[in-house]
Amino acid sequence: MKREKVTLIVPCYNEEEVLPYFYEEFQKICTQLETYEMEVLFIDDGSKDNTLKIVKDLAKKDERVKYLSFSRNFGKEAAIYAGLKNSDGDYVALMDADLQDPPSLLPEMLKAVTEEGYDSAATRRVTRKGEPPIRSFFARRFYGLMNKISSAEIMDGARDYRLMNRKFKNAILEMSEYNRFSKGIFGWVGYKTKWIEFENVERRAGETKWSFFKLFRYSMEGIIGFSTAPLAMASVLGIVFCAVAFLFMVIILVKTLCFGDPVAGWPSMTCIILLLGGIQLLCMGILGMYLSKTYLETKNRPIYLCRESNLEEAIED
C-alpha cells in the first residue's frame with residue numbers, strides 16, 4: 001500500500017548556521033512519522049551565504065531533500081508561494097528553518113488533519129519570551145487592528161507554521177496576487193482550521209532577518225491587501241474637516257459683523273492651514289498606496305524566478 005506523502009516547505013534566506021540543526025530535527029521527525037513518506041523542500045530565497053551549498057550537500061546524501069533556488073531575493077511570501085506551487089505531497093507543512101516552529105508539533109498537526117476532520121492545523125504563540133517588548137506591543141496592536149478592519153480572521157500570535165491538505169493548498173494557490181500576505185490569505189479562504197498553541201522558542205542559531213522596519217512594511221501589506229478601512233478613514237476625515245471648516249466660517253462671519261477686527265487670529269489660521277494640508281497629504285498618501293498596489297498587480301510580473309532546482313519540473317510563476 002502506497003504511503004501518504006508529507007512535504008515540509010522551508011523558506012531560507014542566509015540560514016547557513018541553522019540548517020544542520022534543522023536537518024537533525026527533520027531526521028528525528030521522520031522516525032516518529034515512519035508511516036508517512038516524508039520530504040523537505042527548501043526554498044532558497046536568493047541567499048548570499050552558503051545556504052544553497054549546504055542544501056545541495058544534504059540533497060546529495062538524502063533523496064528526501066529537495067530544493068528550489070531563486071534568481072534573487074524575492075521575499076518570504078514568494079518563497080511560500082513557490083513551495084506550495086512545487087509541492088506534490090498529500091499534506092503540506094510550512095515552517096521556518098530557524099526552529100522557532102517546533103517540528104515536534106507535526107504529529108499533532110497531522111492527526112488534526114487526517115483524523116479529526118480539519119483542513120489545516122495552524123499554530124500560534126501564547127508567549128513572546130525573548131522578543132523585544134516594543135515589537136511585542138506593536139504586534140499585538142496590529143493583530144487587534146486587523147481583526148477589526150478586515151474580514152479575514154488573523155489570530156493573535158499566529159505563525160506561518162501550518163499543515164494543510166491538498167484542498168486547502170489549492171485554495172491558497174487560487175489567490176495568485178503579486179502583493180501577498182499569507183496570514184490574511186489563510187484566514188480569507190476559510191475552511192476548518194485547528195489552532196495549536198505553543199510557547200515562544202528562540203532561534204537555534206543565526207540572526208533574524210526581520211527588522212522593525214521590515215515588519216512595519218509587512219503589516220502595511222496586510223492592511224492594504226485585506227481592508228479598505230484606510231480609504232474609508234480618508235473619506236471620513238474629509239467630511240469631518242469640511243464640517244469644521246464650515247463651522248469656522250460661520251464663527252468668523254458672526255465675529256466680524258458683531259465685533260469687527262477681522263485680522264486677529266492669523267497664527268491660529270496658519271496652524272489650521274498646516275493641519276488641513278497635512279490631512280490632505282495623508283489622504284493622498286493612502287490613495288497612492290492602494291494605487292501603487294493596483295499598478296504592480298496589473299504589470300503581471302512573475303512572483304518569483306527559479307535559477308536552479310533538483311525538482312523534476314520547477315514551475316516559474
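Read-outs: derived from the displayed coordinates by stated rules, not from any lab. These numbers were taken from a predicted model, which means no experiment stands behind them. Because the Cβ atoms are built from the backbone with ideal geometry, glycine has one as well, and the counts that use them run over all protein chains shown.
Rounded to whole numbers, the Karplus 3J(HN,Hα) couplings from phi for the stretch 32-39 are 5, 10, 5, 7, 10, 8, 9, 8 Hz, using 6.51 cos²θ - 1.76 cosθ + 1.60 with θ = phi - 60°, and x at Gly and Pro.
May I ask you to compute the full-extension gain from Asp88 to Arg301, defined as 0.36 nm times their residue separation minus their alpha-carbon distance, rounded to one decimal in nm?
On the way: separation 213, 0.36 × 213 = 76.68 nm, distance 2.45 nm.
Between Asp88 and Arg301, full extension yields 74.2 nm more.
Using the Cβ-Cβ distance between Val126 and Met175 with R0 set to 30 Å, the FRET efficiency works out to roughly 0.60.
Close amide H partners of Arg162, meaning residues 5 or more places away or on another chain with modelled amide H under 5 Å apart, are Leu94.
Under 15 Å from a label point set 7 Å out along the Cα-to-Cβ vector of Lys5, the amide N atoms of the stretch 81-108 belong to 83-93. For the stretch 171-183, the Karplus equation 6.51 cos²θ - 1.76 cosθ + 1.60, evaluated at θ = phi - 60°, returns couplings of 5, 5, 5, 5, 8, 9, 5, 6, 8, 10, 9, 4, 4 Hz by residue, with Gly and Pro reported as x. The HN-Hα couplings worked out from phi for the stretch 46-59 by the Karplus form 6.51 cos²θ - 1.76 cosθ + 1.60 (θ = phi - 60°) are x, 4, 9, 9, 8, 4, 5, 4, 5, 4, 4, 4, 5, 5 Hz, whole numbers, x standing for Gly and Pro. Counted by Cβ distance under 11 Å from Lys169, the other residues give a net charge of 0, where Lys and Arg count +1 and Asp and Glu count -1.
Taking 0.36 nm per residue of separation and subtracting the Cα-Cα distance, what length does fully extending Ala243 through Arg72 add?
Values: separation 171, 0.36 × 171 = 61.56 nm, distance 5.10 nm.
The Ala243-Arg72 span can extend by a further 56.5 nm.
Using R0 = 41 Å, the C-beta based FRET efficiency linking Asp62 and Leu291 works out to 0.30.
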